[in-house]
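Chemist: What follows is a single structure, and I will ask about it in a moment.
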Amino acid sequence: MRFITDRKTANGKGSAHSGTHEHKDMALTSIGLAFLMPTFLFIFGRTLGQPHEVVVATFGRPIPAIVTGLMVFLAMRHMMHGVGSVLADYTRGTARRLLTIFVNALAYLITAAVLYALIRMAH
Amino acid sequence: MAEAKREIVRPLSPHLQVYRMKASMATSVLIRITGVGLMSGFILFVWWLLAAAISPEYFAFVNGIVTSWFGYLIFIGSLAAIWYHYLGGLRHLYWDTGKGLDLETVDKLSWGMVIGTPVLTVLTILAIWGI
């Protein structure tokens, strides 16, 4: 027996209060990452272990910089939802709220750090 | 009114200790573990990139750590984790179309992920080495 009416579950944005936003954003960021990640892995793999000038020259070029920046931006959005689900499953109350704030702050910090590094190396 | 304030402690999900482990469950749990674990490789990469942007001296210090056996261990582990998570993500996108949800297909897709991960990991390393 269902204790919640159809209207209640579907009313407005439903019991999640954000509709299907998280699910859709997870799918959309994963499609973006499916194209960007192999490209990024190749660029990074080829640059890892090279001297400083080569690293700066590589990530200063438009395509490696744009691929890296976009990948990190999407990956961090993807991570926020993913870790958000983990926290929703295993934590509750104040611990959940504080950990959610911490994870989101970390995601934005990493995105900002990468964009700063790429802008500084751009030539 | 003390009773009204009592917190309802509902069980947390998923109940790993209740269900019998199956291929579909094991592969699903591993998507989560690889996803969270990927933060280590990510943070190592960001530290390295930031060091390159800051100064040659700081880069030399960070590069020494990142290109040590320990750094490569994290990066190769992260590479395998990326491919596993990638295949798991493709499976979710396929499921989102409403197809492939019967037990036989789910089992096949699970084995596809387990076999596909080492194959793609080795292929990526070969591609990077230029073979």
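The values are calculated or read from the model by the stated rules, or taken from the named source; none is laboratory data. These numbers come from a predicted model, not from an experiment. Neighbour counts are summed over all protein chains in view; Cβ atoms, including those assigned to glycine, are modelled from backbone coordinates with ideal geometry. Side chains are part of the model used for accessible areas, which takes the heavy atoms of the whole protein and leaves out ligands, DNA and RNA. Shrake-Rupley method; radii C 1.70, N 1.55, O 1.52, S 1.80 Å.
Chemist: Quick one: net charge of A:S15's neighbours, Cβ under 15 Å, K/R +1, D/E -1?
Modeler: With Lys, Arg at +1 and Asp, Glu at -1, the neighbours total +3.
Chemist: In whole percent, and with a 1.4 Å probe on the protein chains, what portion of the accessible area of the stretch B:32-129 is carbon and sulfur?
Modeler: Accessible surface attributable to carbon and sulfur in the stretch B:32-129 totals 78 percent.
Chemist: Let me ask you something else. Roughly how much of A:V56 is accessible, in Å² to the nearest 10, using a 1.4 Å probe?
Modeler: It works out to around 40 Å².
Chemist: Between the chain alone and the structure with every protein chain in place, find the residues of the stretch A:86-123 that drop at least 10 Å² of accessible area; heavy atoms, 1.4 Å probe.
Modeler: A:V86, A:D89, A:Y90, A:R92, A:L106, A:I110, A:A113, A:V114, A:Y116, A:A117, A:R120, A:M121
Chemist: Pairs of lysines 8 or more apart, or on different chains, with alpha carbons under 27 Å: count those in the protein assembly as shown, would you?
Modeler: 9
Chemist: Per the 1.4 Å probe, what fraction of the accessible area of the stretch A:25-121, in percent, lies on carbon and sulfur atoms?
Modeler: Whole-percent figure for carbon plus sulfur exposure: 75.
Chemist: With a cut-off of 12 Å, note down the residues of the stretch A:1-19 whose backbone N falls inside the zone around a label point 7 Å from the Cα of B:I8 toward its beta carbon.
Modeler: A:3-4
Chemist: Here's a follow-up. For the stretch B:54-131 and the stretch A:92-123, what is the centre-to-centre distance using only Cα atoms, to the nearest Å?
Modeler: Each part reduced to its Cα centre gives a spacing of 22 Å.
Chemist: Quick check on the stretch B:32-129: what are the equivalent-ellipsoid semi-axes from the Cα gyration tensor, as sqrt(5λ), descending, whole Å?
Modeler: Semi-axes (√(5λ), whole Å): 35, 14, 10.
Chemist: With every protein chain left in place, what is the accessible area of A:S15 in Å² (1.4 Å probe, nearest 10)?
Modeler: 100
Chemist: Right, next: Based on the alpha-carbon gyration tensor of the protein assembly as shown, what equivalent-ellipsoid semi-axes (square roots of 5 times the eigenvalues) come out, in whole Å, largest first?
Modeler: Its equivalent ellipsoid spans semi-axes of 37, 23, 17 Å.
Chemist: For the stretch B:32-129, calculate the relative contact order in percent as a whole number, restricting contacts to Cα pairs under 8 Å that are 6 or more residues apart.
Modeler: 30
Chemist: Another one. For B:K108, what accessible surface area do you get with a 1.4 Å probe? Give it in Å², rounded to 10.
Modeler: B:K108 has an accessible surface of roughly 140 Å² with all protein chains in place.
Chemist: Also, I was wondering about something else. Rounded to the nearest 100 Å², what is the buried accessible area between A and B, both sides summed, probe 1.4 Å?
Modeler: Protein heavy atoms only, the A-B interface buries about 3400 Å².
Chemist: Could you sort A:M26, A:M1 by their accessible area in this structure, using a 1.4 Å probe and putting the largest first?
Modeler: So the residues, ranked largest to smallest area, are A:M1, A:M26.
Chemist: Enter the accessible area per residue of chain B (Å², integer; probe 1.4 Å; all protein chains in place).
Modeler: 64
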